[in-house]
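Student: Handing you a structure now.
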Amino acid sequence: MSTQAQQQSLQAALNEADSPVEMLQEAGGRWVWPREVAREYTNWMDELRAVRESCVLADLSHHQMDQVIEGPDAMALLEHLCTNSFEGFEIGKAKQAIMCNPDGKFIGDGVLQRIGEETFVMSGKDPAANWVAYHIDTGDYDATETIYPKSSVNPDDPHFFTYQVQGPNALDVMQEVTEGPLPDVPFFNFGTVTIEGHEIRALRHGMAGEVGFELQGPYEYGEEIKDAILEVGQEYDIRRLGTRAYEPLSVKLGWVTTHVPAIYTGEEMREYREWLGADSYEAKYSVAGSFSSDDITDYYVSPVDIGYDHMIAFDHDFVGREALEAEVESPRRTRVTLVWEDDDVTGLFASLLDEGTPKKTFDLPRDRWGGHHDEVLVDGEVVGHSKSFCYSYSDREVISICSIDVEHSDPGTEVTLLWGDGETKNPLVEPHEQTYIEATVAPSPYLDDAR
């Protein structure tokens, strides 16, 4: 990812822009759905029903980048960059690796697995992987890394296949499809299983709130694995999960999948911005929503703001530790779920039938074209930002993840959400009127967790 072979750096692009906020708005970045995975296999309602009632197979091989990190100093590097504890992080364990800038503001995260004494695999979005790559490229670490980009920006096949088997019947399907006993591993640990004669990693996972597995192995025999799972799964009413139905699952879990990475300001981050390219994820990220500020730092969050404080451990030195120690001691915000008022939601769509400019609608069950930052108010004062939102088919509700001031975080608290973009240079935003939506605070995650 080094800019040596690139024509322009992210810093150079920022120098030419009026502001980081306007640069990201004008980029008009839209989520590109993987062409290899259907939007719907039956229909999104049927597929979401199967998530709660039977079993689904989700193909994430084309949704994410995979980064292989190796070398004698790989563990030391990851400890330096991650807020998480690495105590007891042995082969067979995984974690949601959280990475911050020196001010304790969130850069990115990824699912990190230790697959060998000196070998790790991290899967997810680019910001965390780029941050790791930068430190290996410019630091004094005896380590190497390779990023395998997601299919939408990579003409080659993925390095790994990644399948999730989720839902109430997932355990039955996995027990039947594997050759030999299914490893009894704790949540977010993995074991080796054999399917169709191939040894693969089986990470104990759960996007549906039930016991589930995320399977990963060399892409070259991914089709054999997929076919075997689907054949066995017929008895258990398995469905393939299209991208349309997969997207809302993270909202109920309280996982905000898109953030403004906290890298666009500060002299300490300048060298990194000069290393990143002007064609990087960080240069094309798109901000959206009713919140508007000329100061990009107003869009930054900390792990505490988004409910990741349980993944901060002060048993080691890491980038951003000092700032996070103070914040954990006296947090300003925390993560909750907002349940939107039904009549206000239906009013959005009813406005399409009225004369004049409609209110802003969204694609069901979830719209993904930018990182949302919608104002949340109490008595006219902004007390938080609503982020990822979706229609929950199982609850028949529209919900969103919200980073909210602690004093307004109790379940049952009534708040108001300002919906719709204000003035923006984003070319993807259609004409619409802003409107207020009443909402009620609820816990996050917004489901029973039996994983």
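Student: Hey, could you get me the Stokes-Einstein D for segment 260-388, Kirkwood radius over alpha-carbon pairs, 10 °C and 1.306 mPa s, rounded to whole µm² s⁻¹?
Tutor: Details: Rh = 17.8 Å.
The calculation lands on 89 µm²/s.
Student: Can you work out the FRET efficiency for the pair Ser330 and His80, with r the C-beta to C-beta distance and R0 = 30 Å, to the nearest 0.05?
Tutor: Efficiency, rounded to the nearest 0.05: 0.70.
Student: Whenever you get a sec, line up Glu70, Glu47 from highest to lowest accessible area (probe 1.4 Å, protein heavy atoms).
Tutor: Numbers: Glu70 80, Glu47 0 Å².
From most accessible down to least: Glu70, Glu47.
Student: With no solvent and one equal point scatterer per Cα, compute the Debye intensity ratio I(q)/I(0) for segment 145-274 at 0.23 Å⁻¹ and report its log10, rounded to two decimals.
Tutor: Log10 of I(q)/I(0), two decimals: -1.49.
Student: Right, next: Hey, if we sort Leu377, Leu428, Leu24 by accessible area with the 1.4 Å probe, largest down, what's the order?
Tutor: Most to least solvent-accessible, the answer reads Leu428, Leu377, Leu24.
Student: Suppose R0 equals 51 Å; then what is the FRET efficiency for Asp227 and Glu26 from their Cβ-Cβ distance, rounded to the nearest 0.05?
Tutor: Working: r = 44 Å, r/R0 = 0.87.
Calculated transfer efficiency: 0.70.
Student: Take each of the peptides 344-354, 109-119, average the number of other beta-carbon atoms within 10 Å over its residues, and list them starting from the highest. Kindly include the intermediate steps, with their values, before the conclusion.
Tutor: Numbers: 344-354: 13.7, 109-119: 19.5.
Answer by packing, highest mean first, reads 109-119, 344-354.
Student: Next up: Among Gly116, Val177, Val165, which residue has its Cα furthest toward the positive end of the charge dipole of segment 89-212, with +1 on Lys/Arg Cβ and -1 on Asp/Glu Cβ?
Tutor: Val165
Student: Multiplying the sequence separation of Asp137 and Ala17 by 0.36 nm and subtracting their Cα-Cα distance, what value in nm do you get? Kindly include the intermediate steps, with their values, before the conclusion.
Tutor: Numbers: separation 120, 0.36 × 120 = 43.20 nm, distance 2.72 nm.
That works out to 40.5 nm of additional length.
Student: Probe radius 1.4 Å, ligands and nucleic acids ignored: give me the carbon and sulfur share of the accessible area of the chain as a rounded percent. List each step's numbers first, then the result.
Tutor: Values: 8130 of 18600 Å².
That share works out to 44 percent.
Student: Please say if segment 75-209 is rounded, prolate or oblate, where rounded means a/c under 1.5 for a ≥ b ≥ c the square roots of the C-alpha gyration tensor eigenvalues, and otherwise the choice is prolate for a/b larger than b/c and oblate otherwise? Mind dumping the intermediate values first?
Tutor: Working: a/c = 1.91, a/b = 1.68, b/c = 1.14.
Verdict is prolate for segment 75-209.
Student: Looking at this model, which pairs from Lys93/Lys226; Lys284/Lys360; Lys226/Lys360; Lys105/Lys359 are more than 28 angstrom apart at the alpha-carbon?
Tutor: Details: Lys93/Lys226 24 Å; Lys284/Lys360 23 Å; Lys226/Lys360 39 Å; Lys105/Lys359 33 Å.
Checking Cα-Cα distances, Lys226/Lys360; Lys105/Lys359 exceed 28 Å.
Student: How many Å² of accessible area per residue for the chain, probe 1.4 Å? The partial results should precede the final answer.
Tutor: On the way: 18600 Å² over 451 residues.
Dividing the accessible area of the chain by its residue count gives 41 Å².
Student: Further question: Between Glu40 and Asp448, what length comes free when the chain is fully extended (0.36 nm per residue of separation minus the Cα-Cα distance, one decimal in nm)? Spell out each step's value before the answer.
Tutor: Values: separation 408, 0.36 × 408 = 146.88 nm, distance 2.61 nm.
That works out to 144.3 nm of additional length.
Student: Tell me, in nm to one decimal, what length is gained between Ser152 and Glu423 on full extension, where the rule is 0.36 nm per residue of separation less the Cα-Cα distance?
Tutor: Details: separation 271, 0.36 × 271 = 97.56 nm, distance 3.01 nm.
That pair, Ser152 and Glu423, stretches by 94.5 nm at full extension.
Student: Measure off 7 Å from each Cα along the Cα-to-Cβ vector at Ala323 and Glu430, then give the distance between these two points in nanometres to one decimal.
Tutor: Distance between the two pseudo-spin positions: 3.8 nm.
Student: Could I ask something else about it? Please list the radius of gyration and Dmax for segment 350-402, considering alpha-carbon atoms only, with Å as the unit.
Tutor: Looking at segment 350-402, its Cα Rg and Dmax stand at 13.2, 34 Å.
Student: Using a simple spin-label model with points 7 Å from Cα along the Cα→Cβ vector, what separation in nm is obtained for Glu179 and Asp405?
Tutor: 6.1
The values are calculated or read from the model by the stated rules, or taken from the named source; none is laboratory data. Bear in mind that the values here come from a model prediction, so they are computed numbers and not experimental data. As a convention, Cβ positions derive from the backbone with ideal geometry for all residues, glycine included, and neighbour counts pool all protein chains shown. The protein model used for the area step is the full one, side chains on, heavy atoms only, and it has no ligands, DNA or RNA in it. Shrake-Rupley method; radii C 1.70, N 1.55, O 1.52, S 1.80 Å.
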